[in-house]
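**Q** Supplied in structure tokens, the structure appears directly below.
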Amino acid sequence: MNALGWGGIRMIGSYDSDGAWYPRDDVAAYFSSIRMPSRAWPHSYAKAAQTAKFAKWLIINRPELAVKLGVTS
């Protein structure tokens, strides 16, 4: 499974003023059970987006975005 790198992460989300990364609305559903970013853990969502599990979810739930990001099975 080809997981996302930091370049892909920047394409599907953005950083707030405290440096925490948040996903775009079209992929936010995946992150509902993951700890929200905080000052201590600003990349909790970003790290979850770099897993094979997220890549699989992306292929199944957002196949057009998976292709655009180069995520393959």
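**Q** Explain nothing, just compute: Karplus ³J(HN,Hα) = 6.51 cos²θ - 1.76 cosθ + 1.60, θ = phi - 60°, for every residue of segment 3-15 in order, whole Hz, x for Gly and Pro.
**A** 7, 6, x, 5, x, x, 4, 5, 6, 10, x, 8, 9
**Q** I've got another one for you. I'd like the orientation of helix 52-61 relative to the chain: the angle between its Cα long axis and the longest Cα principal axis, in ° from 0 to 90, rounded to 10.
**A** 60
**Q** Okay, moving on. Please compute one quarter of the surface area of the Cα convex hull for the chain and express it in square nanometres.
**A** Answer in nm², one decimal: 4.4.
Since every read-out is calculated from the coordinates, none of them should be taken as a lab result. Everything quoted here is computed from the prediction, not taken from an experiment.
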